Amino acid sequence: NAATHIAQLAPDDAKAIEAAYLAVLTRRPTAPELEHFQAVLANSRGDERSRRLEDVCWALVNSTEFSWNH
């Protein structure tokens, strides 16, 4: 799935979050959004990082912004 590919290919957490936002909401995250989700991904590696990134994508898909704009 997209989250797994992003987790494997993004060189760092900031780029992973940006890719998730672009894939789901077709925009880049704001500074506060980026900061929030970087804390979510902090100190995670491998399968744990993939699961956390899936949670980020799921949160974006379930956001009001997604339901109203997409």
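The values are calculated or read from the model by the stated rules, or taken from the named source; none is laboratory data. Computed from a prediction, not measured in an experiment: that's the story for all the values here. Counting neighbours? That spans all protein chains shown, and the Cβs are built from the backbone with ideal geometry, glycine included. Keep in mind that these areas ignore ligands, DNA and RNA; they rest on the heavy atoms of the full protein, side chains included. Shrake-Rupley method; radii C 1.70, N 1.55, O 1.52, S 1.80 Å.
Of the trypsin sites (Lys or Arg not before Pro) in the stretch 1-46, the ones in a loop by DSSP (not H, G, I, E or B) with at most 10 other beta carbons within 10 Å are Arg45. Taken per residue, the accessible surface of the chain reaches 65 Å², heavy atoms only and a 1.4 Å probe.
With the biggest extent put first, the Cα atoms of the chain measure 33, 25, 16 Å across the principal axes. Only helices enter this figure: runs of n ≥ 4 DSSP H residues, each worth -39500 (n - 2.57), summed and divided by the residues of the chain, yield -23000 deg cm²/dmol at 222 nm to the nearest 500. In a reduced charge model with +1 at each Lys and Arg Cβ and -1 at each Asp and Glu Cβ, the chain shows a dipole moment near 120 debye about its Cα centre. Grab the beta carbon distance between Arg45 and Glu65, set R0 = 30 Å, and tell me the FRET efficiency rounded to 0.05. According to the calculation, E is roughly 0.55. A Cβ-based charge dipole, computed about the Cα centre of the stretch 1-42 with Lys and Arg at +1 and Asp and Glu at -1, lands at about 160 debye. What does the charge count near Asp55 come to, summing +1 for each Lys or Arg and -1 for each Asp or Glu among other residues with Cβ under 15 Å from its Cβ? Taking every Cβ under 15 Å from that of Asp55, the sum is -2.
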